[in-house]
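Visitor: Following this message is one structure expressed as structure tokens.
The values are calculated or read from the model by the stated rules, or taken from the named source; none is laboratory data. Fair warning: this is a prediction, and the values are worked out from it, not measured in the lab. Heads up, the Cβs are rebuilt from the backbone with ideal geometry, glycines too, and the neighbour counts pull from every protein chain shown. Keep in mind that these areas ignore ligands, DNA and RNA; they rest on the heavy atoms of the full protein, side chains included. Shrake-Rupley method; radii C 1.70, N 1.55, O 1.52, S 1.80 Å.
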Amino acid sequence: MTFRILPLFLLAVMGAVIAAEVDYPLDAPGPDGRRPGGTLTQNAPAPPLAEDENKDLKRERNYPDQPPTIPHSIRGYQIDRNGNKCLSCHSRANSPRSQATMISITHYMDRDGQALAAVSPRRYFCNQCHVPQKDVLPLVGNSFETIDKILQDDANAAQKP
């Protein structure tokens, strides 16, 4: 056996010895995450998928350059290199007819800031930045406050004697 293969052989033997010594219990409780309860070896059914929120209301953004979320269902939309269903309502040409919000003018610029006649290829796949929302309760608590609310609270606190 050459000296090049010897360290790899020894490492493999050590790994096999360590793996053989570990005795995993079959009824160990599973971690309580999104699917709580049960054990690691049980197969629990997946929870049902939540429905897409379909309110067609614009949401407040939490920071200036945050991409807006999609306020309607996009199930069944074709968004690939052959077609983009979003542009049938949100493009510059179609938004007046559909009354949908026109996509930002920045989507019609290349990476050098030059204006284009059509949507830039780097902005063509909408789901890279924009996502639909689900009608669900949050998994964890959230105490996020926008900078506007923090500044307003500070201004109100300074006015009180």
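Visitor: Just one of the numbered conditions (1) open to solvent by 60 Å² or more (accessible area, probe 1.4 Å); (2) in contact with a helix residue (DSSP H, G or I) (Cβ under 7 Å, 6 or more places away or on another chain) is not true of Gln159; which one?
Guide: Result: Gln159 passes all but (2).
Visitor: Which residue is nearest to the chain's Cα centre (by Cα), if the candidates are limited to the stretch 95-116 and must be open to solvent by less than 60 Å² (accessible area, probe 1.4 Å) and within 16 Å of Ile74 (Cβ to Cβ)?
Guide: Looking at residues that are open to solvent by less than 60 Å² (accessible area, probe 1.4 Å) and within 16 Å of Ile74 (Cβ to Cβ), I get Ile103.
Visitor: Now for a separate question. Looking at the stretch 130-153, which of its residues are touching a Phe, Trp or Tyr at 6+ places or on another chain (Cβ under 9 Å) and either in a strand (DSSP E or B) or exposed (fewer than 11 other Cβ atoms within 10 Å of the Cβ) (or both)?
Guide: Within the stretch 130-153, just Ile147 meets the criteria.
Visitor: Keeping to the stretch 42-94, report how many residues are under 26 Å from Phe144 (Cβ atoms), open to solvent by 100 Å² or more (accessible area, probe 1.4 Å) and of a type in the set (Lys, Arg).
Guide: Counting residues in the stretch 42-94 that are under 26 Å from Phe144 (Cβ atoms), open to solvent by 100 Å² or more (accessible area, probe 1.4 Å) and of a type in the set (Lys, Arg) gives 3.
Visitor: Next question. Any idea which of Asn127, Asn156 is outside any loop (DSSP other than H, G, I, E, B) and in contact with a strand residue (DSSP E or B) (Cβ under 9 Å, 6 or more places away or on another chain)?
Guide: On inspection, the qualifying residue turns out to be Asn127.
Visitor: Where residues in the stretch 117-129 are open to solvent by less than 100 Å² (accessible area, probe 1.4 Å) and either over 21 Å from Lys55 (Cα atoms) or in contact (Cβ under 8 Å) with a residue 60 or more places away in the chain (or both), which of them is farthest from the chain's Cα centre (by Cα)?
Guide: Applying the filter and picking the extreme gives Ala118.
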